Every structure is written in structure tokens, then in C-alpha cells.
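Q: First the structure, which I've put down as C-alpha cells, then a few questions once you've had a look.
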Amino acid sequence: MTSKSFTINELGQLNNFAIEPKVYVDQTPRAGFTEYAEKLNGRLAMIGFVSLIALEVVTGHGLIGWLTNL
């Protein structure tokens, strides 16, 4: 049985959410050698490289020199 905005099942219960959303499972892999993982690794490597350059500019020493002076 249907009405304008709800449905009634065989037990007489109302269902106000007659139009249910489509449910799907994302099948794209998020681990291993995927495009997503490679982009993430590349971006993290760029952040690390820029951080090392900034460290050298601020301290006046390279990474090896800075680590040996600790």
C-alpha cells in the first residue's frame, strides 16, 4: 500500500523513508602500489625535502652537520 510520502507494510507500520539511497561499496584498493599511495608518498617526500632545505637555511648547516652537533 502506498500513499503520497510514505508506505505502509503488511503489518500496518509506516515507512516515512520510502525512497532509500543507493548503497554501494567502494572497491578501489587503498593499500599497496596504487595511484593513491604513490601520490601520497610523493607529497610526503616533497614536504620532507622542503623541510630539510628550510632547516639548512635557518641553521646554516646541512642535515649531517646539524645532527653531529647535537
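The values are calculated or read from the model by the stated rules, or taken from the named source; none is laboratory data. On a predicted model such as this, the values are computed, not experimentally measured, just so you know. Don't worry about glycine lacking a Cβ; one is built from the backbone with ideal geometry, like all the others, and counts go over all protein chains shown. With ligands, DNA and RNA removed, areas are computed over all heavy atoms of the protein, side chains included. Shrake-Rupley method; radii C 1.70, N 1.55, O 1.52, S 1.80 Å.
Q: Taking the stated definitions as given, is Leu52 under 15 Å from the mean Cα position of the chain (by Cα) and surrounded by 11 or more Cβ atoms within 10 Å (Cβ to Cβ)?
A: Working: under 15 Å from the mean Cα position of the chain (by Cα): no; surrounded by 11 or more Cβ atoms within 10 Å (Cβ to Cβ): yes.
The answer is no for Leu52.
Q: Test Met46 against the criterion of being open to solvent by 100 Å² or more (accessible area, probe 1.4 Å) and at pLDDT 85 or above, and give yes or no.
A: yes
Q: Does Pro29 qualify as being modelled with pLDDT under 90 and either basic (Lys, Arg) or surrounded by 11 or more Cβ atoms within 10 Å (Cβ to Cβ) (or both)?
A: Numbers: modelled with pLDDT under 90: yes; either basic (Lys, Arg) or surrounded by 11 or more Cβ atoms within 10 Å (Cβ to Cβ) (or both): yes.
In short, yes.
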